[in-house]
Amino acid sequence: MRRCYFIGYGSDMYGYKFWDDQNKKFIRSRNVTFNKKIFYKDKFSAESTCVGKLSEIYEKATLEEILESDVTNRSQSIGVEVKLEPEPSNPPRKSSKIPVPPDRYSVSLHYLLLTDAGEPECCSEAMQGNNSIEWELEMKYEITSLQKNKTWSLIKFPEGKKALQNEWVYRLKEESDGRRRYMARLVVKGFQQKQGIDFIEIFFPFVKMTTIRVILSIVVAENLHLEQLDVKTAFLHGDLEEDIYMTQPKGFEVPVKENLVCKLHKSLYGLKQAPRPWYKKFNEFMRNSRFSRCDMDHCCYVKKYTNSYVILVVYVDEMLIARSSMAEINKLKQQLAKTFEMKDLGPPKQILGMRILTNRSEGILKFSQEKYIHKLLDRFYLEDSKTRNTPLGSHLKFSKKQSLQTDEEKCYMSSVPYASTVGSLMYAMMCTIPDIAHAVNVVSRFLSNPVKEHREGVKWILRYLKGTLEMCLCFRKSNLTLQGFSDADLGEDFDTKKSTTGYIFTLGGTAMSWKSKLQHRVALSTTEAEYIAISEAAKEMIWLKNFLNELGKEQDIVSMLSDNQGAISLAKNPVFHSRCKHI
């Protein structure tokens, strides 16, 4: 008979798991008697009172030693009494073989895990690959840049604080001329930060895609010069307000000072608040340079002169400058270079992965995502598929009631990157392809539980994009007249019976802003559905009109077109009617 403590469950063959406190080992048994009044944490206080009661319990059990690694869930150990058979005089033989870890991840085997673009995942992989020299030079350049900006200082680790870890991130950036540029960045593991201690505010404005399209339309209409700049290590220019500590970068520890940590003075990539200090410093520079920040988009700045003006748009660490005089643009570049380390990219050829093709003599600018669509088709193995003539087939009907019937279907859909595909299509739709807005809106309603029918809808959209690769947004020299179009269906959603709002706005004949979205309420008539759509479009129209006014392109009257006479009449004169009194 032996007193043990219950620590968990074994398999069906071995029963329960116990801790023998007297012999300091783990055992297994099936036949036991539990005493739930005694817990392992109370053993010292209850030992004297429970010995008498426990000694009366006699149960025969066969026990077996187990390894310490098999123990799980020791938090609530329960005292038990177990009677053991006498152990054999000859203990079982134990292997004298020394375990050796597998060498499949050994450095000598050059085991590399590369991404689709051939980018290494960690520092050891970068140093083993064929391009190790290029990656090493980029890492040294990054460290030199950090030291030049006085990003941190080495101090003794203060008590009660936590030092954040860091790692190297590698990217291959393809330039517009086809060259590949190596980039290595030291990134802090920001997921270790705690709100209220390591950061407070993290908001950072990002330029709207509509803003970029409006600027391009103005550039073409008035034949302005357009230049692109890149801020080197943009986030390193921001001053941190919080006390943040970081371990020294791997491979670049200072000799004799390995025990010290880095106290960050400047922002670093990976910090949750990293973009915010950079934007605050850039915004302060623009205000000191007498630029006015647009209220409609805080990433757009305007400075007006007597007979001209200059527009600057910043998106993360890159910016566009538009002005009629190239000499004035160069002057602004020099002012920026005095405060920030800049790289002059000249006339823009690519913005956020979108190609820009300019012909100033003919007054044409093309905005295309052809290369991005090629990557999508190649990624989802549809390069050789047949094309479609419409964004979505009229025979395709989707509903959340459609479910996976067999285990084979469930296994198939679990391997399909449905959400990733829809997200990629959504980015293409938001940038340059308005004609798939409704189709993407439909297939994005089933991200949580897609079925094969939904997958076919996504493939249909991709095949349509393959047939329209050469189509793009084309900006032409014309009058900057803003015009809107609104439309809606009636209860086409099979699950909720809600209607879909759709609108598009053009500036100078080119699409500027568009949207397709399920309405928030159920419309009882086509008049109500169209009226809701007009209301949504009017919000966007007000934003566009105010933004153009800030840029000096006043729009006195903006026309909005709708094809429903009931909604038009209700918008002009809110006449009381029993069927529309609730609107």
Item to check | Spin-label zone in segment 495-518 - amide nitrogen under 20 Å from a point set 7 Å from the Cα of Glu370 along the C-beta vector | outcome: 511
Checklist entry - What are the lysines whose alpha-carbon lies under 16 Å from the alpha-carbon of Lys581, with same-chain residues fewer than 8 places away excluded? => result Lys572
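Quick one: how many lysine pairs in segment 315-393 have C-alpha atoms under 15 angstrom apart, if they're 8 or more apart or on different chains? Walk me through the numbers on the way to the answer.
Values: Lys331/Lys343; Lys333/Lys343; Lys349/Lys366; Lys349/Lys371.
Value for segment 315-393: 4.
Considering only DSSP states other than H, G, I, E and B, which trypsin sites (Lys or Arg not before Pro) in segment 261-365 qualify as loop sites with at most 13 other Cβ atoms within 10 Å? List each step's numbers first, then the result.
Values: sites: Lys263, Lys266, Lys272, Lys280, Lys281, Arg287, Arg290, Arg293, Lys303, Lys304, Arg323, Lys331, Lys333, Lys338, Lys343, Lys349, Arg355, Arg360; in loops: Lys272, Arg290, Lys349, Arg360.
Answer by residue number: Arg290.
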Next on the checklist: Can you find, among Ser292, Ile351, Cys411, the residue sitting farthest towards the positive end of the charge dipole of segment 282-431, where Lys and Arg contribute +1 and Asp and Glu -1 at Cβ?
Outcome noted: Ser292
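Counting other Cβ atoms within 10 Å, keep those with at most 15, restrict to DSSP loop, and tell me which GluC sites (Glu not before Pro) in segment 415-502 are left. Write down the numbers at each step before the final one.
Values: sites: Glu453, Glu456, Glu470, Glu492; in loops: Glu470, Glu492.
Here the GluC sites (Glu not before Pro) that fit, given the DSSP loop and packing criteria, are Glu470, Glu492.
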Next on the checklist: Please list 3J(HN,Hα) in residue order for segment 443-453, calculated via the Karplus relation 6.51 cos²θ - 1.76 cosθ + 1.60 where θ = phi - 60°; whole Hz, with x for glycine and proline.
Outcome noted: 6, 7, 7, 10, 5, 6, 8, x, 10, 4, 4
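Please sort 557-563, 457-463 by packing, taking for each peptide the average over its residues of neighbouring beta carbons within 10 angstrom, highest first. Don't skip to the end; give the middle numbers.
Working: 557-563: 13.7, 457-463: 20.3.
Per-residue mean Cβ counts within 10 Å order the peptides as 457-463, 557-563.
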Checklist entry - Can you work out the FRET efficiency for the pair Glu456 and Asn223, with r the C-beta to C-beta distance and R0 = 41 Å, to the nearest 0.05? => result 0.30
Checklist entry - lysines near Lys400 by alpha-carbon distance under 18 Å, same-chain residues fewer than 8 away left out - which ones? => result Lys410, Lys452, Lys497, Lys498, Lys517
Item to check | Projected label distance in nm at Val558 and Lys232, using a 7 Å step from Cα toward the beta-carbon | outcome: 4.2 nm
Checklist entry - Of Thr500, Leu518, Val458, which is farthest along the charge dipole of segment 430-583 in the positive direction, counting Lys and Arg as +1 and Asp and Glu as -1 at C-beta? => result Val458
Next on the checklist: So for segment 483-523, averaging the separation of alpha carbon pairs under 8 Å that are six or more residues apart and normalising by length, what relative contact order in percent results?
Outcome noted: 37 percent
Item to check | Residues of type lysines that Lys25 reaches as a straight line, Cα spacing below 18 Å, ignoring anything fewer than 8 places off in the same chain | outcome: Lys17, Lys41, Lys43, Lys83, Lys94
Checklist outcome for this item: Quick calc: nm separation of the 7 Å Cα→Cβ label points for Ser289 and Ser394 -> 5.4 nm
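If you put +1 on each Lys and Arg Cβ and -1 on each Asp and Glu Cβ, how big is the dipole of segment 370-467 around its Cα centre, in Debye rounded to 20? If you can, show how the numbers build up before the last one.
Working: 15 positive and 10 negative charges, 41 e Å.
Value, rounded to 20: 200 debye.
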Checklist outcome for this item: The answer for chymotrypsin sites (Phe, Trp or Tyr not before Pro) in segment 499-583 that fall in a DSSP coil and have at most 13 neighbouring Cβ atoms within 10 Å is Phe576
Checklist outcome for this item: Spelling it out for Lys189: with amide H atoms placed in the peptide plane at 1.01 Å from N, the residues 5 or more places away or on another chain with amide H under 5 Å from its amide H are Gln165, Asn166, Glu167
Checklist entry - With labels modelled as points extended 7 Å from the Cα through the Cβ direction, what inter-label distance (nm, one decimal) is found for Asn546 paired with Phe157? => result 5.1 nm
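Here, each number is a calculation from the coordinates, and none is a lab measurement. Since the model is a prediction, treat every value here as computed from it, not as a measurement. Using ideal geometry, Cβ is built from the backbone for each residue, glycine included, and neighbour counts are taken over all protein chains shown.
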